[in-house]
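The values are calculated or read from the model by the stated rules, or taken from the named source; none is laboratory data. Predicted, not measured: the structure shown is a model, and the values here were computed from it. So basically every Cβ, Gly included, is an ideal-geometry build from the backbone, and we count neighbours across all protein chains shown. Accessible surface areas use protein heavy atoms only, side chains included; no ligands, DNA or RNA. Shrake-Rupley method; radii C 1.70, N 1.55, O 1.52, S 1.80 Å.
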Amino acid sequence: MNVAVISYFFLAGLGMYLLAYEIAKKQNAAFIASLVFMFNGMIHRFILNGHLNILESYALIPFVFLFAYRALHRKQWLGNSMIAAIFFSMMIYAGGMIFFLYTGLIIAAYMAWNIAGKDFGKRLVKTLFISLALAIFVFGLSALKLLPVLEFSGMSSRGSGVSYQEFIGNPISLSSLWGHLVSLAYNAGFSGAIGIVSSMLLLFGLLSFRKKIVVFSALLAVLSVLLASGTFVAEFLYKLPGFGQMRHIERALVMFVFAVPIIAAHGFNNLVSMIRSYNKNTREWAIFLVIGILLVVELVALQPLPASAD
């Protein structure tokens, strides 16, 4: 069991590293992003404290987005779509339907976002083909488990859906966003906290507002907070297929902890550029070392380990 947990932690870091490197094009920035994705408040307060089984599907989210991103931005769209579908279907076999649905929402939102721009017609046609390929491959690869699950759900208490109050669960408070999104010491509610150092990198990353992926990630983070806090956006989500059978909307913060590392990777690059503009002799590896140590101390060393149980 310990080996499995360590393996999925490694996969989570590897997936975010590859995704951030694909987007930010810097190894150091990608490594910083992987640390944030591996050791945020959701990992410590939610997954390790009783929902260890969904760590498997959590670790696969960056892989799904990475190959969907490549499918949209490279010529080999069919092959990348197939690989994305493989990881997507693995989320179903891992038993993480919660994160499977939110990952689908992330992919759908990015596809819609990516259509805007030059060559709108070509983008639209390519996106439609990729969407169709993903749907066919995911259904075909996961049917062995997906069809029995859907049949069983129809016979279970969730067959007619859950009430809106059950769907909302225990939403986060907009007046306590510091605790829910930043402070790793906060334990009075659901957490997607990323820590102070990561939050500073997030702010530096927003300076790259001209990059579409940064704007998308920022909007995704905002959408995540609006959902997790049970606003009118959550009511709209409740009406979408699949989501009406879920409970506890606060878990939508998984989209926040996915989006922040991408922005933080750009934030690290911006921080390096700003420091080196004042002192050209400053080495990037020195900045990386300082930021890396601060992140490890804050995200790992200062976090309490899960309590053991007899």
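Here are some notes:
- Boolean, residue 144 is part of a helix (DSSP H, G or I), over 28 Å from residue 299 (Cβ atoms) and either of a type outside the set (A, V, I, L, M) or open to solvent by 40 Å² or more (accessible area, probe 1.4 Å) (or both): yes
- Residues satisfying the stated conditions in the stretch 222-242, i.e. in contact (Cβ under 8 Å) with a residue 12 or more places away in the chain, open to solvent by 10 Å² or more (accessible area, probe 1.4 Å) and in a helix (DSSP H, G or I): 223, 225, 235, 238
- The stretch 200-214 residues that are among the polar types (S, T, N, Q), paired with ones that are part of a helix (DSSP H, G or I) (beta carbon under 7 Å, 6 or more apart): 208/214; 208/266; 208/270
- Among the residues making up the stretch 137-194, those that are of a type in the set (Phe, Trp, Tyr) and touching a residue at least 40 places away in the same chain (Cβ under 8 Å) are 137, 164, 167, 186, 190.
- Matching residues in the stretch 84-124 - criterion: being open to solvent by 60 Å² or more (accessible area, probe 1.4 Å) and closer than 19 Å to residue 58 by Cβ: 86, 90, 93, 97
Conditions tested, residue by residue: (1) touching a Ser or Thr at 6+ places or on another chain (Cβ under 8 Å); (2) over 28 Å from residue 253 (Cα atoms).
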| site | (1), (2) |
| --- | --- |
| 79 | no, yes |
| 83 | no, no |
| 94 | yes, no |
| 117 | no, yes |
| 121 | no, yes |
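- For the stretch 146-198, the set of residues classified as charged (D, E, K, R) and closer than 19 Å to residue 48 by Cβ is empty.
- Odd one out for residue 127 among (1) part of a loop (DSSP other than H, G, I, E, B); (2) surrounded by 13 or more Cβ atoms within 10 Å (Cβ to Cβ): (1)
- Taking the numbered list (1) closer than 24 Å to residue 79 by Cα; (2) aliphatic (A, V, I, L, M); (3) open to solvent by 50 Å² or more (accessible area, probe 1.4 Å) in turn, residue 3 passes all entries but (1).
- Among the conditions (1) modelled with pLDDT under 90; (2) under 19 Å from the mean Cα position of the chain (by Cα), residue 235 misses just one, which is (2).
- If you go through the stretch 30-51 and pick out every residue that is in a helix (DSSP H, G or I), open to solvent by 10 Å² or more (accessible area, probe 1.4 Å) and within 20 Å of residue 249 (Cβ to Cβ), you end up with 2.
- Residues that are among the basic types (Lys, Arg) and in contact (Cβ under 8 Å) with a residue 40 or more places away in the chain within the stretch 243-278 comprise 247, 251, listed in sequence order.
- Of the criteria (1) open to solvent by less than 60 Å² (accessible area, probe 1.4 Å); (2) in a loop (DSSP other than H, G, I, E, B); (3) within 20 Å of residue 26 (Cβ to Cβ), which one residue 280 fails: (1)
- Test: residue 73 is within 16 Å of residue 254 (Cβ to Cβ) and surrounded by fewer than 23 Cβ atoms within 10 Å (Cβ to Cβ): no
- For the stretch 156-206, a residue qualifies if it is of a type in the set (D, E, K, R) and part of a helix (DSSP H, G or I), and exactly one does: 166.
- Inside the stretch 290-310, residues that are modelled with pLDDT of 95 or more and under 10 Å from residue 184 (Cα atoms) make up a count of 0.
- Exclusive hit being surrounded by fewer than 19 Cβ atoms within 10 Å (Cβ to Cβ) and among the aromatic types (Phe, Trp, Tyr), set 190, 256, 209: 209
- Meets criteria (surrounded by fewer than 24 Cβ atoms within 10 Å (Cβ to Cβ) and among the hydrophobic types (A, V, I, L, M, F, W, C)) for residue 60: no
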